[in-house]
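The values are calculated or read from the model by the stated rules, or taken from the named source; none is laboratory data. Just so we're clear, the structure is a prediction, and the values are computed from it rather than from any experiment. FYI the Cβ positions are ideal-geometry reconstructions off the backbone, even for glycines, and counts take in every protein chain you see.
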Amino acid sequence: MASPPATDLRTELPSIAVPWRLPAQTGSSARVTVTHVTDPLCPWAYSFEPAMRALECRYGDQLELRTVLIGLVEDPEQLAERGFTPERGALSALSFRRLGMPMSPHVRERMIASAPACRLVKAAALQGEEFAEATLRALRLAVFTTPLLLDEPEALEAVARTIDGLDTERALGDLAAQAVEQAYLGDREEARSPSSIAVSLRRTADAGGRERYTAPSLVLSTPDGGTSIVPGFQPFEAADVAIMNLEPNLTRLPVPELEELLALYPGGLTSQEVARVLADTTTPPDRTAAETALIGLLAAGRARRTPVGDDALWTAA
């Protein structure tokens, strides 16, 4: 059998603006810290992004987001030992399409580890949290819409160069910095210290004899010490209810108008993210209606569409 063709590092990647999102201003003093336990390699975490956008838009600047990276895979051989193959990875992408995020069933040359990508996020954070957020966003898109081997320096550089304003050379040089390693290992330890609630709900996974949070998980906390856990992949409504029960004084924003929504995300939104934000709490997301409205804005010169995988990133013109 012929071997797969070498990965093309010229694979088109979208540019990501920094900051890539602008929280809506509410004028409220209520705050909830949302610790988002995630990993760029996890398709469940990637598919939770529409729910995250809906939470951000409902609560705006009242949510203080904090990211904890699990570090799911240190060595791709770990995946091979568990029976994962590039073909299986491509078929998995097909199965996750039903959840709406852009997916391309590329058959990579080999399986990849997520640890180098996680370290790149921590390296970008040394230049500002807004760069870390944009880098994680770019990595998620690259993992699921390109064949790049995102544990190799050349592929990480290709992704880093899409981040507006990121000093790519510095970020790549910082991958081996002690501060980056400490931040990454701190995240791994935190992810492997799950709440008893997550354990009781069986929303954890084995990590070499230890329990860890599954991606995505949300750990919610308030300044007065209140906490709530939304472990594992959950619908938007589960997180929405948990947040409001934890801090009833939050101002819950109405569903934004489409152009207002695009203005809040200079880095772009996928069609499913737009659909999830525009759907009210009890209304299922209508992707066709969202794309119809987006195409109308595009035709009027008030939106831009950048192809990504089997979908696109939509931005304000």
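In table form, for the structure just shown:
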{"quantity": "Counted residues, segment 276-311 - those being under 17 Å from Y59 (Cα atoms) and touching a helix residue (DSSP H, G or I) at 6+ places or on another chain (Cβ under 7 Å)", "calculated": "4"}
{"quantity": "Selection within segment 219-249 - touching a residue at least 60 places away in the same chain (Cβ under 8 Å), out of contact with any Gly (no Cβ under 9 Å at 6 or more places or on another chain) and not in a loop (DSSP other than H, G, I, E, B)", "calculated": "V219, S221, F236, A239, D240, I243"}
{"quantity": "Test: residue in segment 6-19 that is assigned to a helix (DSSP H, G or I) and either among the hydroxyl-bearing types (S, T, Y) or surrounded by fewer than 16 Cβ atoms within 10 Å (Cβ to Cβ) (or both)", "calculated": "no"}
{"quantity": "Residue ranges of helices (runs of 4 or more DSSP H) in segment 65-178 with at least 3 members among the aliphatic types (A, V, I, L, M) and modelled with pLDDT under 95", "calculated": "86-96"}
{"quantity": "Restricting segment 263-286 to residues that are among the acidic types (D, E) and in a loop (DSSP other than H, G, I, E, B), the residue that is surrounded by the most Cβ atoms within 10 Å (Cβ to Cβ)", "calculated": "D286"}
{"quantity": "Residue that is nearest to D286 (Cα to Cα) [pool: residues in segment 72-116 that are among the basic types (K, R) and surrounded by 15 or more Cβ atoms within 10 Å (Cβ to Cβ)]", "calculated": "R97"}
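Per-residue answers, yes or no, for (1) within 17 Å of R97 (Cβ to Cβ); (2) outside any strand (DSSP E or B):
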{"position": "T251", "(1), (2)": "no, yes"}
{"position": "P256", "(1), (2)": "no, yes"}
{"position": "T288", "(1), (2)": "yes, yes"}
{"position": "E291", "(1), (2)": "yes, yes"}
{"position": "R304", "(1), (2)": "no, no"}
{"position": "P307", "(1), (2)": "yes, no"}
{"position": "A312", "(1), (2)": "yes, no"}
{"position": "T315", "(1), (2)": "no, no"}
